[in-house]
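Enquirer: Here it is, the structure, as structure tokens.
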Amino acid sequence: MKPIFALLALAGLSTAAPNPQSTQDGLSERAAWPNGPFVTSGRWILDASGKNLTYAGTNWPGHADVMIPEGLQYQSIETIVQKVKSLGMNAVRLTFAIQMVDEIYANNGNDITIQKAFVQALGQANGTRVLNQMLAKNPRFSASTTRLQVFDAVAEELAKQQIYVHLDNHISKGMWCCSDTDGNSWWGDTHFSTANWVRGLSYMANHGKSWPALTSIGLRNEPREPKNNPALSRTSYNWQAWYGYMRQGADAVHAANPALLIFLSGLSFDTYLTPVVQGTALTPGSGRFSRADFSAGGGYGVDKLVLELHNYETGVGSCETLKGNLDRNGFQALHSGNGVANVFPVMMTEFGFQMDAQTWTGVYASCLARYLPALKAGWTIWVLAGSYYVRSGTQDYDEGWGLLNHDWSAWRSQGYVDGALKAMVRDTLS
Ligand SMILES: *[C@@H]1O[C@H](CO)[C@@H](O)[C@H](O)[C@H]1NC(C)=O
Ligand SMILES: *[C@@H]1O[C@H](CO)[C@@H](O)[C@H](O)[C@H]1NC(C)=O
């Protein structure tokens, strides 16, 4: 989430319980949900039966200062997942910070407790109060539950309600994301250690093997110019370096968990991937994107890579302009021809706007509501959260872009939900 526009145990080891369903003629059976691992074929994502699918879902942040999935002081995990399900959605982009994994390593392989996490982030008095609120709403937890066990419980409930989990490495240091001066912008930035990033991806990909719902992972949210660090920016903020890091991260994920689809995000806050799609030079070098470069473990580049883009052009003047921009920025990878060298599935893993009575009827929101389903491009809207434990220093921060209201009890814009969002989900998944 780009603030310039925003102003932005638990799980069993086995797969989900088999759910055989005979067709009416009794000749075939449907495989157990989620029927993975998923692969790509051209512009489609296919399940293990070869049936195409995509995502229509929302972002559930767990990467901010507390590093616990948001909203649990207001509602139970079951209630929140039920709300997502009631929209017909089939996916959640669940975000995490590398710092969480760093702290697991620093603590001899054990994650810190939610008690400690709340107190560290919110202070003794408020941290204790919010912890107690969370325990009252989610009595399965105790003060000694760890953050990762909360992630496990979220993933378990999403599996129970048959919603795919797309894990997203949103940031390194746990905090609100993203600005180009936050020290998390680019590999080598103040808080962004490449080694810790690779380790963190690997850890979460491996850990996620115990989550039946986990089907994919995003390597890094919104790579962007490290404007606080001109030397790094000059020497490293480019497509050539990006390519090296993406290959490194993808190899680590694939080695840890070869079942996962791997999402690649582009430059300038993940707003474009044009050189990848058009097969032009990854500057300042002359190399070009090649699936063969993602070759570990038998060559997963052929069928595990998905492109993700974000768009926050909330003030765009016309739908035609927005469609043209999206196409050029990378959605053209959904079709061959017209200079497209590499066809891929493409998803819009973030877009969003003020959830009020009117904004959803404007050009930007209504264009996306029609165009993404027409493209059969997957998407996850920013953001489910009606509030955050803390954002940019403000505790209990109200999220005006949240699908849910402040206490996560109801939709913030019932007009949008009934007038556009449910149909957008339905038309994307049909
Ligand atoms: C699956 O592919 C067909 C075209 O072959 C398309 O019409 C349909 O919308 C796709 N379904 C999804 C969920 O993408
Ligand atoms: C603690 O919580 C109260 C009530 O939400 C709030 O007014 C106060 O600002 C919080 N303290 C800090 C340090 O943010």
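Enquirer: Return, ordered by residue number, the residues of segment 325-369 whose backbone nitrogen is under 15 Å from a label point located 7 Å along Cα→Cβ of D303.
Expert: Under 15 Å, as judged by backbone N against the label point of D303, lie 345 of segment 325-369.
Enquirer: Using a simple spin-label model with points 7 Å from Cα along the Cα→Cβ vector, what separation in nm is obtained for A106 and S318?
Expert: Result for the modelled spin labels: 5.4 nm.
Enquirer: PRE reach from A136 (point 7 Å along Cα→Cβ): which of segment 57-96 fall under 12 Å by backbone N?
Expert: Answer for this model: 73-75.
Enquirer: Excluding same-chain pairs closer than 8 in sequence, count the lysine pairs in the chain whose Cα atoms lie under 18 Å apart.
Expert: Lysine pairs satisfying the spacing and distance rule in the chain number 15.
Enquirer: Further, regarding this structure: Using modelled backbone amide H atoms (1.01 Å from N, in-plane), which distant-in-sequence or interchain residues come within less than 5 Å of G378's amide H?
Expert: Y55, V346, M348
Enquirer: Continuing with this model, one more query. As an exercise, identify the trypsin sites (Lys or Arg not before Pro) in segment 371-430 lying in DSSP coil whose Cβ has no more than 11 other Cβ atoms within 10 Å.
Expert: none
Enquirer: Hey, another quick one. What full-extension length gain, to one decimal in nm, is calculated for T394 and Q240 as 0.36 nm per residue of separation minus the Cα-Cα distance?
Expert: 51.6 nm
Enquirer: Please report the antiparallel percentage of DSSP beta bridges with both residues in segment 39-429, rounded to the nearest 5.
Expert: The antiparallel proportion sits near 30 percent.
Enquirer: Then there is this: Can you grab the distance from the C-alpha centre of segment 271-330 to the C-alpha centre of segment 382-419, Å, no decimals?
Expert: 30
Enquirer: Can you tell me how much longer the chain between S49 and T361 gets when fully stretched, taken as 0.36 nm per residue apart minus their C-alpha distance, in nm with one decimal?
Expert: That works out to 108.5 nm of additional length.
Enquirer: If the viscosity is 1.306 mPa s and the temperature 10 °C, what Stokes-Einstein diffusion coefficient in µm²/s follows for the chain when Rh is the Kirkwood radius over Cα pairs?
Expert: Answer, rounded: 73 µm²/s.
Enquirer: Counting only helical runs of four or more DSSP H residues, what would the 222 nm mean residue ellipticity of the chain come to if each run contributes -39,500 (n - 2.57) and the total is spread over all its residues?
Expert: For the chain, the value works out to -9500 deg cm²/dmol.
Enquirer: Please give the net charge around G71, taking every other residue with its beta carbon less than 14 angstrom from that of G71, where Lys and Arg add +1 and Asp and Glu add -1.
Expert: Result for the local shell: -3.
Enquirer: Right, next: Mind checking the full-extension length gain between A292 and K85? Use 0.36 nm per residue of separation minus the Cα-Cα distance, one decimal, nm.
Expert: 70.7 nm
Enquirer: Arrange the following residues from fewest to most other Cβ atoms within 10 Å of their Cβ: C177, C319, C367.
Expert: By the 10 Å Cβ count, ascending: C319, C367, C177.
Enquirer: Once amide H atoms are placed 1.01 Å from N in the peptide plane, what residues at a sequence separation of 5 or more from G71, or on another chain, have their amide H within under 5 Å of its amide H?
Expert: The list, which skips near neighbours in sequence, is Y389.
Enquirer: As a test, work out the antiparallel percent of DSSP beta bridges whose residues both lie in segment 330-424, rounded to the nearest 5.
Expert: 75
Taken together, the values in this text are just the output of simple stated rules run on the coordinates, not laboratory data. Predicted, not measured: the structure shown is a model, and the values here were computed from it. Quick reminder, even Gly has a Cβ in these numbers, built from the backbone with ideal geometry, and neighbours come from all protein chains shown.
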